[in-house]
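A short reminder: the numbers here are calculations on the coordinates, not readings from a lab. From a predicted model like this one, the values you see are computed outputs, not experimental measurements. Cβ placement follows ideal geometry from the backbone for every residue including glycine, while neighbour counts extend to all protein chains displayed.
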Amino acid sequence: MRIVLIDPRRTTTADQADLHLAIKADGDTALFVGLLKWLDDHNTLDAEFISASTNGLGTALEIARDWPVERVAAATGLSQREVAEFYDLVVANPRIVTVFSQGVNQSATGTDKVNAIINVHLATGRIGQPGMGPFSVTGQPNAMGGREVGGLANMLAAHMDFDPVSIDRVKRFWGSDRIADKPGLKAVELFEAVANGRIKALWIMATNPVDSMPEADKVRAALRTCPFVVVSDMNAATDTAAEARVRLPAAGWGEKDGTVTNSERRISRQRPFLPAPGEARPDWWIVTQVARRMGFAPAFPYETAGDIFAEHVALSAFENAGSRDFDLTGLVGADYDALQPVQWPVRQAGTARMFTDRQYFTSDGRARFVPVAPPPPIVPPPGMLVLNTGRVRDHWHTMTRTGKAARLSAHMAEPFAELHPDDAADKSIRHASLVRLENRHGSALVRALVTERQQRGAVFVPMHWSGQFSAAGRVDVLVTAKTDPQSGQPALKMAIVSAEPALARRYGFAVSATKPLLEGADYWAIAETVGGWRAELAFITEPKDWEAWARTAFGVAADVALLTIRDNATGRQSLALFEGERLLFALFLSPDPVLVSRQWAVGLLNDGIAPARRADILAGRPGADRPDPGAIVCACFGVGAHQIAEAARSGCHTVDAIGAALKAGTNCGSCRAEIRGLIELNRLEAAE
Ligand SMILES: Nc1nc2c(c(=O)[nH]1)N[C@H]1C(S)=C(S)[C@@H](COP(=O)(O)OP(=O)(O)OC[C@H]3O[C@@H](n4cnc5c(=O)[nH]c(N)nc54)[C@H](O)[C@@H]3O)O[C@H]1N2
Ligand SMILES: Nc1nc2c(c(=O)[nH]1)N[C@H]1C(S)=C(S)[C@@H](COP(=O)(O)OP(=O)(O)OC[C@H]3O[C@@H](n4cnc5c(=O)[nH]c(N)nc54)[C@H](O)[C@@H]3O)O[C@H]1N2
Ligand SMILES: [Mo]
């Protein structure tokens with residue numbers, strides 16, 4: 001198998017790819033429209049399939065004919081050679097799967113990008129057969145399931161739209177004289193309606209929009225003006241729950257019964273493996289109770305998750321007879337507790353592959369080409385950068401889960417911005433210093449990570465950091481609430497920002513046995529570690545009295561003496577508190593970024609520390625018996641970059657050899673590309 005990665009950044013996926021196309025933001029439509037022309041020019045179109053099973057190629061091809069490789073290269077920022085190499089691979093390999101996710105979807109031209117991709121598959125007949133097809137990978141573990149039950153404002157349940165026939169059908173199925181007869185507000189519109197007072201009551205369930213929606217500060221402000229906000233969550237402390245009038249404790253996935261559907265349309269039963277804590281209840285139960293008290297008891301007779309699933313199955317089967325793709329007819333009357341994983345549509349049995357009969361869910365059964373034209377390129381004003389956002393390996397969304405796992409936080413412990421070295425130099429931003437990103441929507445303060453993996457003119461910030469874990473790491477305060485005109489999906493990968501160095505007068509790093517309160521610092525980011533917390537700090541204006549500041553931050557009473565040392569030559573200063581052999585907190589301050597080894601300092605929280613060692617600890621000096629493992633690379637086994645580098649220098653020259661020596665990379669394997677990079681680097685150093 002060959003892998004082509006299309007991503008503006010050289011991500012760790014690039015390390016596995018045969019070809020990486022570092023495309024300009026939103027260049028995808030041009031790339032795939034140009035591909036359609038190339039395929040036509042190289043006689044790769046499937047004329048028989050096109051004439052028997054599709055409609056509308058003409059217009060799509062007409063547009064594509066204006067997109068020769070030179071023009072594609074100009075629009076995508078790629079070289080003509082790279083574009084041609086990719087196109088040749090597509091010509092030569094009929095078995096091709098185009099896997100796409102949010103770099104395609106979360107764009108003001110997302111639907112165009114998807115249609116450009118599907119057009120290529122339709123034109124070559126590469127769909128509905130083994131090893132080929134466009135493949136949209138949904139992100140959330142049950143994103144697919146959410147759509148099936150109508151969890152989007154623009155659809156009814158069971159994949160039915162708001163067309164008159166479907167509206168009438170669902171109405172009859174439910175025996176209801178009233179039903180919503182048009183799409184509701186999509187996410188971005190919804191918060192606009194809250195802001196302008198059209199919506200006065202809002203129930204937010206299982207999502208954290210104060211962090212994850214574009215123009216996030218406006219979302220927060222909107223919630224503050226909304227007369228009635230209810231939040232159902234499994235965490236009491238989230239940035240959204242903080243704005244709620246009523247908080248309802250929800251059971252989490254491992255505490256409840258249900259089904260989930262994954263990206264291959266496979267529905268699986270999920271059973272609880274933990275009891276629900278306290279008063280927590282499944283969301284369906286909470287909704288049912290509220291509905292009953294609102295007077296809808298006859299319509300909400302459910303006692304179990306199985307009751308609801310049976311109704312879901314029945315609706316999918318209602319007047320279906322093969323006319324609608326979402327069809328669970330085969331599960332009517334099925335024993336919920338004995339349900340085996342199955343791929344829909346389920347008529348007699350499940351369906352492993354759709355469209356093998358070359359029939360599509362349109363009125364004439366033919367697939368439709370949707371003509372799309374590439375958008376004009378995105379050109380930020382001089383000095384400004386294109387902001388891109390997304391995920392890191394070890395965090396999940398707004399960190400309500402992964403923020404609690406010390407091991408996962410060890411990989412990336414603070415919010416950061418990836419910048420190209422030339423942009424960083426232009427703007428006098430040093431690696432590991434702080435950078436302020438700003439535009440008319442808001443501002444963020446994050447650590448600068450200067451790297452060749454980033455392209456010039458762009459900056460990447462992870463989506464994960466919330467106000468629970470950082471002072472100003474919420475990237476969505478910067479993202480413009482611009483949406484795709486068809487889908488309403490916000491362009492979450494896109495904003496124009498300025499980037500300036502933030503000159504801190506003092507930097508700090510702290511470890512603490514208890515969660516510190518860092519509100520007084522201009523920059524702070526905290527992460528859980530084994531035995532406590534670690535925190536990165538920076539002060540643009542300094543507190544007058546460091547001891548007083550530390551007492552508030554680490555909750556130390558006025559009559560308890562702190563240990564402090566100060567080096568007048570360097571301006572470095574440390575404060576700490578011990579209780580017997582136990583370190584309660586240590587705070588290292590410096591006019592420059594603090595150089596203390598993070599892994600060493602974090603380890604102190606679990607060490608017994610003899611009084612004689614206290615001075616070394618205040619000085620930030622690891623003893624010879626405790627070599628610094630470096631930043632954690634393998635989160636599964638807690639193996640650091642220095643350890644891997646050392647092993648590489650002493651002869652472990654393959655990822656497997658490192659695994660045999662240190663166990664690193666032998667469990668989940670997601671750090672293997674990073675390990676490979678460290679081996680390369682350190683072999684070279686050893687050779688020099
Ligand atoms: N560790 C971890 N895994 C997760 C999640 C998580 O939070 N953490 N979340 C899950 C969820 S819900 C989702 S939706 C998926 C998302 O999975 P992905 O979509 O794979 O992840 P992202 O990091 O959001 O974005 C992917 C890439 O799109 C690139 N990109 C940005 N703009 C463009 C563009 O214009 N064109 C192209 N071609 N690429 C562009 C970005 O540089 C980024 O590397 O991940 C799922 N898996
Ligand atoms: N800039 C930018 N913004 C993005 C993205 C991006 O790439 N860039 N990605 C977007 C994408 S793809 C996604 S999926 C979203 C994710 O954004 P959100 O969905 O807002 O983020 P989560 O952290 O998953 O929030 C889920 C919340 O539900 C709670 N929860 C978990 N399980 C349950 C449950 O069973 N019941 C209830 N009631 N609560 C529960 C969690 O504690 C958490 O507070 O972010 C989007 N926003
Ligand atoms: Mo997602």
Completion exercise
Checked region 518-629 against the a/c 1.5 cut and the a/b vs b/c comparison, axes a ≥ b ≥ c from its Cα gyration tensor; verdict rounded
Problem - Packing rank of 611-617, 138-144, where each peptide gets the mean count of other beta carbons within 10 Å, highest leading - result: 138-144, 611-617
Completion exercise
To the nearest 20 debye, region 321-460 has a Cα-centred charge dipole, built from +1 on Lys and Arg Cβ and -1 on Asp and Glu Cβ, of 180 debye
Exercise for the section: Note down the relative contact order for the chain as a percent, whole number, built from C-alpha pairs under 8 angstrom at least six residues apart. Expected result: 11 percent
Exercise for the section: Please work out how much length the chain gains when fully extended from A74 to A425, using 0.36 nm per residue of separation minus the C-alpha to C-alpha distance, in nm with one decimal. Expected result: 123.8 nm
Exercise for the section: As a check on your grasp of the helix formula, calculate [θ] at 222 nm for the chain: sum -39500 (n - 2.57) over DSSP H runs of n ≥ 4, divide by the residue count, round to the nearest 500. Expected result: -8000 deg cm²/dmol
Practice task
Just grab the label-to-label distance for K482 and S323, each label 7 Å out from Cα along the Cβ direction, in nm (one decimal).
Solution key: 4.1 nm
Fill in the blank from the handout: Here, A237 and T570, labelled 7 Å along Cα→Cβ, have an inter-label distance in nm of 3.3 nm
Problem - Under 12 Å, Cβ to Cβ, from A527 - net charge with Lys/Arg +1 and Asp/Glu -1 - result: +1
Practice task
Under 1.5 on a/c is rounded, so check that first for region 423-563, then, if it is not, pick prolate when a/b is larger than b/c and oblate when it is not; a ≥ b ≥ c are the square roots of the alpha carbon gyration tensor eigenvalues.
Solution key: prolate
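How big is D, in µm² s⁻¹, for the chain by Stokes-Einstein at 20 °C and 1.002 mPa s if Rh is the Kirkwood radius over C-alpha pairs?
The diffusion coefficient I find is 76 µm²/s.
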Practice task
Which order do the peptides 252-259, 454-461 take when ranked by the mean count of other beta-carbon atoms within 10 Å per residue, highest first?
Solution key: 454-461, 252-259
Fill in the blank from the handout: Compactness check, region 177-325: C-alpha Rg relative to the 2.2 N^0.38 Å globular estimate gives 1.20
Exercise for the section: With a length cut of 30 Å (Cα positions projected on each helix's long axis) and a Kyte-Doolittle mean of at least 0.0, go through the chain and give me the DSSP H helices that pass. Expected result: none
Exercise for the section: Among L19, A657, P593, flag the residue with its Cα farthest along the positive direction of the charge dipole of the chain, charges on Cβ as +1 for Lys/Arg and -1 for Asp/Glu. Expected result: P593
Exercise for the section: Count the net charge of all other residues whose Cβ sits under 15 Å from the Cβ of K37, scoring Lys and Arg as +1 and Asp and Glu as -1. Expected result: -4
Practice task
Set Lys and Arg Cβ to +1 and Asp and Glu Cβ to -1, take the dipole of region 381-539 about its Cα centre, and tell me which of A521, P382, G442 lies farthest positive.
Solution key: A521
Exercise for the section: Using only Cα positions of region 5-132, each an equal point scatterer, no hydration layer, compute I(q)/I(0) via Debye at q = 0.15 Å⁻¹ and quote the log10 values to two decimals. Expected result: -0.68
Exercise for the section: Could you list S590, S212 in order of exposure, starting from the residue whose Cβ has the fewest other Cβ atoms within 10 Å? Expected result: S590, S212
Exercise for the section: Report the dimensions of region 75-193 along its three principal axes from the alpha-carbon atoms, largest first, rounded to Å. Expected result: 61, 36, 27
Fill in the blank from the handout: Under the rule rounded for a/c under 1.5, else prolate if a/b exceeds b/c, else oblate, using alpha carbon gyration tensor axes a ≥ b ≥ c, region 354-460 is classed as oblate
Practice task
Just subtract the alpha-carbon distance of S443 and A657 from 0.36 nm times their residue separation and send over the number in nm, one decimal.
Solution key: 72.6 nm
Fill in the blank from the handout: per DSSP, antiparallel bridges as share of beta bridges in the chain, % nearest 5, sits at 65 percent
Exercise for the section: Can you tell me the order of 409-420, 112-123 when each peptide is scored by its average per-residue count of other Cβ atoms within 10 angstrom, highest first? Expected result: 112-123, 409-420
Completion exercise
Summing +1 per Lys or Arg and -1 per Asp or Glu among the other residues with Cβ less than 10 Å from S498's Cβ gives 0
